Amino acid sequence: MSHAAASPPTLWQSITETRINPLNGKCTTLPILSLKTQYSRNFHLSWLGFWSAFLSWFAFSPLIPEAVKSDLNLSAAQVGNSNIVSLCSTLLVRLIVGPLVDRYGPRKVMAGILVLGAIPSGLAGTISSASGLYVVRFFIGILGGTFVPCQAWTSTFFDKRVVGRANAIAGGWGNSGGGFTFIIMLAVYDRLIRDGLAKHVAWRASFAIVPVPVLLTVAALTLIFGTDHPNGKWEDRFARPSASFRDDVEHVAGPEDTSSTGNASSNLKDAPSIQDAEKADKRTDDEKKGSADADVNVAPVDAANPDAVGVVISSVDVAVNQPVTMAVVKETTLNPATWLPSMAYLTTFGFELAVDANLSNVLYNMYQNKTFGQTKAGYIAAIYGLLNIFSRAFGGYFGDMVYRRFGVPGKKYLTLALGVIQGILSIALGVYIDSRSDPSLAAVIVIFVILALFNEAGNGANFSLVPHCNPNSNGFMTGIVGAWGNLGGVFFALIFRMQPKPYGKAFWISGIVAVVVNLLLLPIRVPRT
């Protein structure tokens, strides 16, 4: 382990080298093009776990318009009900998973959810009625809880200077699984049909071929190659305690910081110290030999530079996940900073979930003819999810950029602005569809692509903000925000369920809700740093 140069990393260095903040052991770069260190491996495992969950969680959506609906004799209302049931279970699971992450760590929780979710995925082929569909989709919804350990894992290993883009890229690449699921499941299903299987058998076999083995494989990879915490095991996250930074944080924290994040001083009693980081750096050559993280660079401490790594600027710098107690629950739930990202995420991710679940069916019913069937509708709908590969990442990247100049309030205003723009575009899409007797498919695609870019960037910006809110309860906080995103999915899915025709009405109603909610969140204060 060696000390890195004081100069900021170049773009190439920031995606290939691992530089560590000695204050907390977190990475100040995002080495996505490397698998040499635990930081890069955990990053890739975090999004891969979330991505693989979509292969089962969203697997019904591309197959419902023709295969599942006709095989089970489902009505439009029953299709909508099954979407809502799936989102409801995920909402409950995310609330439960948050405290589990704080207690057991994101790695173990991620693997556990993937294994549990594989069980109902394997039972999909036994469905014979609408009620059976509800039950299986409810338990498959457990997989939606993988979002919580995904985001908590990256927040645990990446410093506040890059946590916005780390969370956003991991969340975005994971979310793209929704788009890939449409392509993969339709390709497998169509192949089985060409091989002579009946529709009744083909869609059931698709679940056994794709989601189950992938979920179990990724769970095994997570346990074998993942790590719990920069300090080692999850129970060692409280190592290197120091109270020497208390005065530093009290000096830089203004009244807004204290009101938004709780008592900063009390949160620092288990903070890692620079002195201990330096002791860890003095390992013998024998200890360094064969280490997977031998190429890690520890950034030097420059106390004269307030933006330098190794200097406490806020409680986020030294936050450690605390077990969830009744006192923590009370403090977190009464904190306005909890509800700012939660309500904003309700409007952005909630809307995305509803669109992912309904867009294929909407397009199929709007344009159904001899050349436009389930497969074409599914492939077009897949675009919305696939855009997450870079659109959500941009939201987190811009969050990190505005943070360097405007602090946490910059992240807040970016998140809310993106939510408002999303709402305006959703209104525009709905009005266009309803104002035309035969709306152009090309125009609809262009509008919903632009809508998706702002919608998904809003999700990324939101989880650039989340690590600054209740930083010592990161898992619990992530669970709450994620659950509210799913609550939004249920809410917007109900709008689509109650407004099957004209189809545009569901979009412009959802847009109005997004604009109003995000504007109402403007007065809520957030920490400065």
Item to check | Full-stretch length increase - Ser128, Val449 - with 0.36 nm per residue and alpha-carbon distance subtracted | outcome: 112.0 nm
Next on the checklist: Kirkwood Rh over alpha-carbon pairs of segment 373-471, then Stokes-Einstein at 10 °C and 1.306 mPa s: what D in µm² s⁻¹, rounded to an integer?
Outcome noted: 109 µm²/s
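Take the Cβ-Cβ distance between Ile193 and Lys36 as r, set R0 to 30 Å, and report the resulting FRET efficiency rounded to the nearest 0.05.
After rounding to 0.05, the efficiency reads 0.10.
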Checklist entry - Considering only protein heavy atoms and a 1.4 Å probe, what is the carbon-and-sulfur percentage of the accessible area of segment 2-72? => result 66 percent
Checklist entry - Net charge near Leu87, counting Lys/Arg +1 and Asp/Glu -1 over other residues with Cβ under 12 Å of its Cβ? => result +1
Item to check | Charge context of Gly373, other residues only, Cβ under 12 angstrom, K/R +1, D/E -1 | outcome: 0
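Applying a 10 Å radius around every beta-carbon, put 159-168, 68-77, 501-510, 417-426 in order of their mean neighbour count, most first. Walk me through the numbers before you get to the answer.
On the way: 159-168: 27.6, 68-77: 15.5, 501-510: 20.8, 417-426: 23.2.
Per-residue mean Cβ counts within 10 Å order the peptides as 159-168, 417-426, 501-510, 68-77.
Greater than 29 Å separation of Cα atoms is the criterion. Which listed pairs, Lys199/Lys505; Lys26/Lys412; Lys36/Lys330; Lys412/Lys501, meet it?
Details: Lys199/Lys505 33 Å; Lys26/Lys412 23 Å; Lys36/Lys330 41 Å; Lys412/Lys501 36 Å.
Checking Cα-Cα distances, Lys199/Lys505; Lys36/Lys330; Lys412/Lys501 exceed 29 Å.
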Checklist entry - In nm, what is the difference between 0.36 nm times the number of residues separating Ala208 and Asn73 and their Cα-Cα distance? => result 46.4 nm
Next on the checklist: Would you report the distance distribution of C-alpha pairs in segment 87-244 as whole percents per 5 angstrom bin, up to the bin with the largest distance?
Outcome noted: 1, 8, 14, 18, 19, 13, 10, 7, 4, 3, 1, 1, 0, 0, 0
Item to check | Summed residue charge, Cβ within 13 Å of Asn474's Cβ, Lys/Arg positive, Asp/Glu negative | outcome: +3
Checklist entry - Tell me, how many Å apart are the Cα centres for segment 165-204 and for segment 396-429? => result 31 Å
Item to check | Order by protection proxy (mean Cβ within 10 Å, highest first), peptides 364-372, 451-459, 143-151 | outcome: 143-151, 451-459, 364-372
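From the Cα gyration tensor of segment 465-529, with a ≥ b ≥ c the square roots of its eigenvalues, which class applies: rounded if a/c is under 1.5, or else prolate if a/b is larger than b/c, or else oblate? Please report the intermediate quantities before stating the final value.
Numbers: a/c = 5.03, a/b = 1.96, b/c = 2.56.
Judged from the Cα gyration tensor, segment 465-529 comes out oblate (a/c at least 1.5, b/c at or above a/b).
What per residue convex hull volume, in Å³, comes out for segment 41-120 when only alpha-carbon positions are used? Could you put the intermediate results ahead of the total?
Working: hull volume 7.5 nm³, N = 80.
Looking at segment 41-120, the number lands at 94 Å³ per residue.
The values are calculated or read from the model by the stated rules, or taken from the named source; none is laboratory data. Predicted model only: the values in this text are computed from it and were never measured. Positions of Cβ are backbone-derived with ideal geometry, glycine not excepted, and every protein chain shown enters the neighbour counts. These accessible areas exclude ligands, DNA and RNA; they are computed on the full protein's heavy atoms, side chains included. Shrake-Rupley method; radii C 1.70, N 1.55, O 1.52, S 1.80 Å.
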